[in-house]
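Beneath this line is the structure, given in structure tokens, with notes to follow.
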Amino acid sequence: MKIMSKIKYAIHKTGKILMTHRLRIVLISLIAGLVIVFVIYHHKSANSMTLKVRFQSELETLHDQYKFPGATAAYILPDGTVEVVATGLDDVESKIQMIPQSRMLAASIGKTFVGATVVALAQEGVLNLDDPISKWLGNRPWFSRLPNHNIITLHQLLTHSSGIANHVDMESFIHAFRESWHTRTNPFPPEVLISFVLDQPSLFKAGEGWHYSDTGYILVGLIIEAVTGHSYYKEVTRQFLEPLHLTLTTPSDHLELPGLAAGYMSPNNAFDLPQKTTLHPGIMAWHPGLEWTGGGLVSNPKDLVVWAKALYEGHAIKGNYLETLLKSVQISDDDPDTGYGIAVAIHENGPFGTTYGHSGWIPGYCSNLRYYPKYGVAIAFQINTDIGIVDGSTQLFKDMENRLAKVVIEKKYKNNKTIIIKNWRKK
């Protein structure tokens, strides 16, 4: 019996030793795993912060070089990391600093939301892009006076291939804006804007040329409202602003726009507008509602890069829509590398390959949005002046686009670009 007891005791003691040894191994493995996770997280975080610092530094260098009042800029990486920075002044006279949350009129970048809204409605089966616009607008009293009215399709309006002039460039509109910008209500509702091109000759037969036309996008806005039975702004909010949590992007349809930075323009601007766009912080001197579906949004680069990544990676709209969105019209025989799809400028053979996106100008503000499909990266910036940009007297706009992209793309993906993108796409 004593022998059996000793054997049992030995077995029990050995088991405890084995259990202790196993527990020790488990604990060591767990600690090692936590250390590895911490190191990876810390390394990723450090890299992210280092990139942000370089991005901020480049924006400040551009500010020092070109002397613009202020700017905001943002990027989004393949893993969804978003960073936004700011430089300079939001309001020069009041010496208010530009901050990452500052907003500006996004101008024609708003067209990307208009085009996407139409594509979403087409995906829902509500409309057909190849239908003639007479289907929705044919009963308007002015419709027969519209150039090419009987042959234009919705798709041609969206790709600027309708042959309709751009009211913004017409002397009659410029004169009318000079005379009426002082009013505290919008002097140019949609059908008033359309009236500037009525009875004018078409620029070319619909589908046989290209000419940028805000007027065409005003017509698109009317079609959206005819199809949905409610306002364009309600529809774009339903389709994109709320689902994508674009909280800094709102309609620019009021004089009061919270968080709006002051914009600055030349005293000799074409519309005889005051040099400063705001009367008080966030309150416009003239009504921005005249843009409507030609742009029509106040935004921030943080929202814009999130939007670009979702839109151009095929996640903003249900179904397979990218082929439809990116099917482009060549804008000029002299520029074979540039096409225009549905509210998207497509540039081939650039310094960082192909880009998708849009730029925007409205007096006092210039904005730019580019998505780089080769890298899964989007970059956006907004500047609160158009001086030196709208007149082409400086290289600021293109320089800022290329230099910010170089920071994010070349520094982030140098030596292992292909590996990173391939690995990300496998996830």
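The values are calculated or read from the model by the stated rules, or taken from the named source; none is laboratory data. All figures in this text were calculated on a predicted structure; none of them were measured in a lab. Using ideal geometry, Cβ is built from the backbone for each residue, glycine included, and neighbour counts are taken over all protein chains shown.
The table below lists the values:
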{"read-out": "Thr72, sole failed condition from (1) part of a helix (DSSP H, G or I); (2) in contact with a Ser or Thr (Cβ under 6 Å, 6 or more places away or on another chain); (3) of a type in the set (Val, Ile, Thr)", "value": "(1)"}
{"read-out": "Scan of the stretch 372-411 for residues that are closer than 19 Å to Tyr356 by Cα and basic (Lys, Arg), ordered by number", "value": "Lys374, Lys398, Arg403, Lys406"}
{"read-out": "Answer residue from the stretch 271-288, given it is within 23 Å of the chain's Cα centre (by Cα) and part of a loop (DSSP other than H, G, I, E, B) and is surrounded by the most Cβ atoms within 10 Å (Cβ to Cβ) among those", "value": "Thr277"}
{"read-out": "Residue in the stretch 300-315 that is surrounded by fewer than 16 Cβ atoms within 10 Å (Cβ to Cβ), free of Cβ contacts under 8 Å to residues at least 24 places away in the same chain, within 23 Å of Thr72 (Cα to Cα) and not aliphatic (A, V, I, L, M) present", "value": "no"}
{"read-out": "Listing of helices (runs of 4 or more DSSP H) fully contained in the stretch 84-179 that carry 3 or more residues being surrounded by fewer than 20 Cβ atoms within 10 Å (Cβ to Cβ)", "value": "134-137"}
{"read-out": "Residue selected from the stretch 233-270 under the condition assigned to a loop (DSSP other than H, G, I, E, B) and among the β-branched types (Val, Ile, Thr), by the criterion farthest from Gln382 (Cα to Cα)", "value": "Thr247"}
{"read-out": "Evaluation of Pro78 against (1) out of contact with any Gly (no Cβ under 7 Å at 6 or more places or on another chain); (2) more than 23 Å from Gln239 (Cα to Cα); (3) assigned to a loop (DSSP other than H, G, I, E, B) (one fails), failing number", "value": "(1)"}
{"read-out": "Of residues in the stretch 385-405 being under 18 Å from the mean Cα position of the chain (by Cα) and of a type in the set (A, V, I, L, M), the one farthest from Leu89 (Cα to Cα)", "value": "Ala405"}
{"read-out": "Residues being touching a residue at least 24 places away in the same chain (Cβ under 8 Å) and either closer than 17 Å to Gly110 by Cβ or touching a Gly at 6+ places or on another chain (Cβ under 9 Å) (or both) - total across the stretch 270-280", "value": "4"}
{"read-out": "Filter result for Leu244 (in contact with a Pro (Cβ under 7 Å, 6 or more places away or on another chain), surrounded by fewer than 22 Cβ atoms within 10 Å (Cβ to Cβ) and within 30 Å of Ile317 (Cβ to Cβ))", "value": "no"}
{"read-out": "Residue check, Gly88 at pLDDT 95 or above, of a type in the set (Gly, Ala, Ser), touching a Phe, Trp or Tyr at 6+ places or on another chain (Cβ under 8 Å) and over 30 Å from Leu129 (Cβ atoms)", "value": "yes"}
{"read-out": "Identity of the residue in the stretch 62-83, under 23 Å from Ala308 (Cα atoms) and either surrounded by fewer than 20 Cβ atoms within 10 Å (Cβ to Cβ) or free of Cβ contacts under 8 Å to residues at least 12 places away in the same chain (or both), that ends up nearest to the chain's Cα centre (by Cα)", "value": "Val82"}
{"read-out": "Selection within the stretch 328-383 - on the phi > 0 side of the Ramachandran plot, surrounded by fewer than 24 Cβ atoms within 10 Å (Cβ to Cβ) and part of a loop (DSSP other than H, G, I, E, B)", "value": "Gly376"}
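Yes/no per residue for (1) in contact with a Lys or Arg (Cβ under 8 Å, 6 or more places away or on another chain); (2) more than 13 Å from Gly289 (Cα to Cα); (3) touching a residue at least 24 places away in the same chain (Cβ under 8 Å):
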position: Asp169; (1), (2), (3): no, yes, no
position: Ala176; (1), (2), (3): no, yes, no
position: His182; (1), (2), (3): no, yes, yes
position: Pro187; (1), (2), (3): no, no, yes
position: Pro190; (1), (2), (3): no, no, yes
position: Ile194; (1), (2), (3): no, yes, yes
position: Pro201; (1), (2), (3): no, yes, yes
position: Glu208; (1), (2), (3): no, yes, yes
